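What follows is a set of notes on a single structure, which appears directly below.
The values are calculated or read from the model by the stated rules, or taken from the named source; none is laboratory data. All values derive from a computational prediction rather than experimental measurement. Reconstructed Cβ throughout: ideal geometry from the backbone, glycine too, with neighbour counts over all protein chains shown.
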Amino acid sequence: MEALALFASEYSSAAVTEAALAVQGDQSAAVLEAEIERAKGQHWQCDLTRTALQIGDVNHHGGLSPWELGEAAASSVRQMTGYVGKPLGNRDLGEILEVRPSAFRSANTGTPREQAYGLRLILGRKRGEVVSLASTWSADRRFEFARALGDAIWSQGEHLGPLTRAKSDRQKFQRAFAQSFLCPYDDLLSYIGEDRSDGALSAAARHFLVSERVVRTLLVNKNALARRRLGEVIHAADDLQGRQVTFEDAVEAA
């Protein structure tokens, strides 16, 4: 607890709480320290705060769920940057995030990654803002970067932003923002029409440069696809192997 308190004094209690929810118990502080050090040494330079400040504080909209806030914020960023009604290619996404497009390339090394979660970190005026990615595949790296932008919008100025699977409002906002930012629901419907076949969903994933589970999760959340269809692509994910897949698991996996 003392170690976590020190991190909270340096960053913020809200950010440290997110990290503690992701890795609970005695190892929480040690894992957070390791991820911060990793982010300082292995990261992608970016600028998410500029866009976040332009969008402003989203938490003052009373009565809306984190999912609704995330969708609204994603639409605002699309409108503000002029990327409306089109998929975001790597170059487009790189321009919005001010990160090199090579950050979105797959980085599979063939060996398991030891990283507990991704991290958004502001290192100071000289070193700027960085993101450390836990994902290896291109579509997942794009999604994780979009979550980082969502976190910057949610936290408005916090220097630390864990990108975890914790079931908190902050993480729900991140995921909803990333889904709607990369694959807006109306654009998705325009692309697939009434076709809900596996082929159509796979084609949509390729069109929007997201994983197929993102497409399915978005349709399920909007009641446009049966929940049982969600597990068809989620069950093979490494983090869900060996245990029964529930709807909540599938949503978190996105």
Qualifying positions in the range 56-83 - of a type outside the set (Gly, Ala, Ser) and surrounded by fewer than 19 Cβ atoms within 10 Å (Cβ to Cβ) = Asp57, Asn59, His60, His61, Leu64, Trp67, Glu68, Gln79, Met80, Thr81, Tyr83
Residue ranges of helices (runs of 4 or more DSSP H) in the range 167-235 with at least 3 members in contact with a Phe, Trp or Tyr (Cβ under 8 Å, 6 or more places away or on another chain), touching a residue at least 40 places away in the same chain (Cβ under 8 Å) and hydrophobic (A, V, I, L, M, F, W, C) = 169-182
Evaluate the following for Glu158: is it in a loop (DSSP other than H, G, I, E, B) and either surrounded by fewer than 17 Cβ atoms within 10 Å (Cβ to Cβ) or more than 15 Å from the chain's Cα centre (by Cα) (or both)?
-> yes
Filter the range 8-26 for residues that are more than 11 Å from Pro162 (Cβ to Cβ) and either assigned to a helix (DSSP H, G or I) or under 18 Å from the mean Cα position of the chain (by Cα) (or both) and give the result.
-> Ala8, Ser9, Glu10, Ser13
Confirm whether Ser180 is small (Gly, Ala, Ser) and exposed (fewer than 15 other Cβ atoms within 10 Å of the Cβ).
-> no
Residue check for Ala15: closer than 18 Å to Ser132 by Cα and either in contact with a strand residue (DSSP E or B) (Cβ under 6 Å, 6 or more places away or on another chain) or hydroxyl-bearing (Ser, Thr, Tyr) (or both) | yes
Out of all the residues in the range 161-171, which are surrounded by fewer than 19 Cβ atoms within 10 Å (Cβ to Cβ) and in contact with a Pro (Cβ under 9 Å, 6 or more places away or on another chain)?
-> Ser168, Asp169
Ala116 vs (1) at pLDDT 95 or above; (2) surrounded by 12 or more Cβ atoms within 10 Å (Cβ to Cβ): all pass except (1)
Test Ala29 against the criterion of being in contact with a strand residue (DSSP E or B) (Cβ under 6 Å, 6 or more places away or on another chain), in a helix (DSSP H, G or I) and buried (at least 16 other Cβ atoms within 10 Å of the Cβ), and give yes or no.
-> no
More than 21 Å from Leu53 (Cβ to Cβ), touching an Asp or Glu at 6+ places or on another chain (Cβ under 8 Å) and of a type in the set (Phe, Trp, Tyr) - does that describe any residue in the range 102-118?
-> yes
